[in-house]
Amino acid sequence: MAAGLPGVDFPGLGTGLVIVRGDGKLLLYKRVKAPEAGHWNIVGGKVDHMEHSSVAAKREAEEETGLKIGSVRFLCLSEQLIEADRQHWISVIYLAEDVAGEARLAEPDKLSEFGWFSPDKLPSPLSAFAKAAVAALAANP
């Protein structure tokens, strides 16, 4: 097993979830910590050892949003070399349209604010992963 921090000392494996509600708006949160602190991002996090990335995506999303996530489907794979933070991440990104509850700020130490945004009126700056996810969503509606 490699010693050190994933994403910093060796490429990290992450997962993300694009949450879309019935009106087509996407749920985005503003990151507090690196990589890309201050950027708007989809929810997600690290994949644990022996955890399927789709399970990790649902777990991370539920922890961060307070929503109950139903079925998810694969959207895209995104590899990002984030030079400003000297981090390297590979993320398996999923799409969820089957959600219940009201989004909230469940982890304020990681995420500072959130909102539902129309794909043609996204906040700035967007994280690299959010940009990749939005592009994949547009290409695979």
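Laboratory data are not the source of any read-out in this text; all were calculated from the coordinates shown. All of these numbers come straight from a predicted model, not from anything done at the bench. Every residue, glycine as well, gets a Cβ built from its backbone with ideal geometry; the counts of neighbours run over all protein chains shown.
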Suppose each label sits 7 Å from its Cα in the direction of the beta carbon; what would the Val32-Arg104 distance come out to in nanometres? 1.6 nm
Total lysine pairs under 18 Å (Cα atoms) in region 7-107, excluding pairs fewer than 8 apart on one chain: 5
Acute angle (nearest 10 degrees) that the helix 128-139 long axis makes with the longest principal axis of the chain, alpha-carbon atoms: 50 degrees
For the chain, what does the helix formula give at 222 nm: sum of -39500 (n - 2.57) over DSSP H segments with n ≥ 4, over the residue count, nearest 500 deg cm²/dmol? -5500 deg cm²/dmol
Under 1.5 on a/c is rounded, so check that first for region 18-58, then, if it is not, pick prolate when a/b is larger than b/c and oblate when it is not; a ≥ b ≥ c are the square roots of the alpha carbon gyration tensor eigenvalues. oblate
If each of Ser71 and Met50 carries a label point 7 Å out from its Cα toward its Cβ, how far apart are those two points in nm? 2.9 nm
Give a quick list of trypsin sites (Lys or Arg not before Pro) in region 1-42 that DSSP marks as loop, anything other than H, G, I, E or B, with at most 14 other Cβ atoms within 10 Å. Arg21, Lys33
Nonlocal amide H pairs with Leu26, under 5 Å, H built at 1.01 Å: Phe117, Ser118
To the nearest 0.05, what FRET efficiency results for Leu5 and Leu122 with a Förster distance of 25 Å applied to their C-beta separation? 0.25
Return the tail of the calculated pair distribution for region 12-139, meaning the percent of Cα-Cα pairs more than 21 Å apart. 31 percent
What is the dipole size for region 1-134, taken about its Cα centre, with +1 at each Lys and Arg Cβ and -1 at each Asp and Glu Cβ, in debye to the nearest 20? 200 debye
1/(1 + (r/R0)^6) with r = Cβ-Cβ of Arg21 and Glu83, R0 = 41 Å, i.e. FRET efficiency to nearest 0.05, evaluates to 0.75
